[in-house]
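Here the structure is laid out as structure tokens; the discussion comes afterwards.
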Amino acid sequence: MPVLAYYLLTERERRRTEPDGLRAEDSHHRLNVLAQSVDQAVRSYVRGQALVCVIMGACVGLALALLGYPVAVLLGVVVGIAEVLPYSSGSGSACWRSRSPATA
């Protein structure tokens, strides 16, 4: 999902201004409305995931600081970054499995 979100966010202007010769005349408006709604949904998803990462990192960092851990802030940052891994590790593990010596 993160790769698709990145692609849609970076290519949206080019897709919007590209020649419309490949689309039927009657579907222009519907496709533009659909593209705008997909763009809004992807933006909301990415914004929500970023918010979850910040909240998790802050909560863990604060809890560890209250418990007296000397590197609480660093661990909070690591947890915040690691919160993204379940969403991006699928493509990484697929690449790793395809290069595994066991499958060669």
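Which of the three applies to segment 33-86, rounded, prolate or oblate, going by the alpha-carbon gyration tensor with a ≥ b ≥ c and a/c under 1.5 meaning rounded? Prolate, because a/c is 1.5 or more and a/b exceeds b/c.
In plain terms, the chain from residue 41 to residue 69 could stretch by 6.2 nm, reckoned as 0.36 nm per residue minus the Cα-Cα distance.
Between residue 51 and residue 27, the FRET efficiency from the beta-carbon distance, with R0 = 35 Å, is close to 0.50.
Since every read-out is calculated from the coordinates, none of them should be taken as a lab result. Computed from a predicted structure; not experimentally measured. In this analysis, Cβ positions are derived from the backbone assuming ideal geometry, glycine residues included, and neighbour counts consider all displayed protein chains.
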